[in-house]
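Colleague: Submitted below is the structure of interest, expressed as structure tokens.
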Amino acid sequence: MQQRINIKDLEPDAYKAMLGLEKYLSSTAIPPILKELVKIRTSQINGCAYCIQIHATDARKIGETEQRIYALSAWKESPLFSGDEKAALAMTDEITLISVNGLSEQTFDRAQKVFGDALTAQLIMLINTINAWNRIAVSTHMFHPS
């Protein structure tokens, strides 16, 4: 598959705006491994091979295990993820698949109890940002050279 267009080159201001979201996300209190798990999971749902590869590599660099990366697609059934991680991953699934049922009250309430208001808001921004990156990558056929 050949890349269609390069947003970074064609629309540098739009790309800079996306990087502004990344800068914001780097300042949040979300633990780094949780950030990468959310990014990988979102990218799995959206079928973004480019982002899966990047974020799995980034997760490994900060200590994430192969076993947990492989189990991420079945996180609900896996004993490898903590209750906090499962709360964030439930939000990830529901927000990424927002047209199905939205973000349920049950999932939102659980996240709010686990993370509080500020971190819940930060997670919502993280999930929405990686969804935007996935949509850019998939629609432009971005690829990651090995």
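The values are calculated or read from the model by the stated rules, or taken from the named source; none is laboratory data. Predicted model, so just to flag it, every value in this text is computed and none were measured. Cβ sites come from the backbone with ideal geometry, for glycine too, and all protein chains shown count toward neighbours.
Colleague: Run F81 past the list (1) modelled with pLDDT of 95 or more; (2) loosely packed, with under 15 Cβ neighbours inside 10 Å; (3) over 12 Å from the mean Cα position of the chain (by Cα) and report the number of the one that doesn't hold.
Modeller: Here F81 meets the rest and fails (2).
Colleague: Collect the residues in segment 1-44 that are assigned to a loop (DSSP other than H, G, I, E, B) and either surrounded by 19 or more Cβ atoms within 10 Å (Cβ to Cβ) or modelled with pLDDT of 95 or more (or both), keeping them in residue-number order.
Modeller: Listed by number, the residues that qualify are S27, T28, A29, I30, P31.
Colleague: So, one more: Could you go through segment 45-58 and let me know if any residue there is exposed (fewer than 12 other Cβ atoms within 10 Å of the Cβ) and outside any helix (DSSP H, G or I).
Modeller: Among the residues of segment 45-58, at least one is exposed (fewer than 12 other Cβ atoms within 10 Å of the Cβ) and outside any helix (DSSP H, G or I), which makes the answer yes.
Colleague: Moving on to the next point. Residues in segment 95-146 that are in contact (Cβ under 8 Å) with a residue 60 or more places away in the chain, closer than 30 Å to R4 by Cα and not charged (D, E, K, R): how many?
Modeller: So the answer is 18.
Colleague: Would you please list the contacts, defined by Cβ atoms under 8 Å and residues six or more apart or on different chains, that run from a residue in segment 12-40 that is among the small types (G, A, S) to a residue that is in a helix (DSSP H, G or I) and surrounded by 12 or more Cβ atoms within 10 Å (Cβ to Cβ)?
Modeller: Qualifying pairs under 8 Å: A14/I7; A29/L119; A29/Q122.
Colleague: May I ask you to list the residues in segment 93-106 that are surrounded by fewer than 19 Cβ atoms within 10 Å (Cβ to Cβ) and among the β-branched types (V, I, T)?
Modeller: Hits for segment 93-106 are I98, V100.
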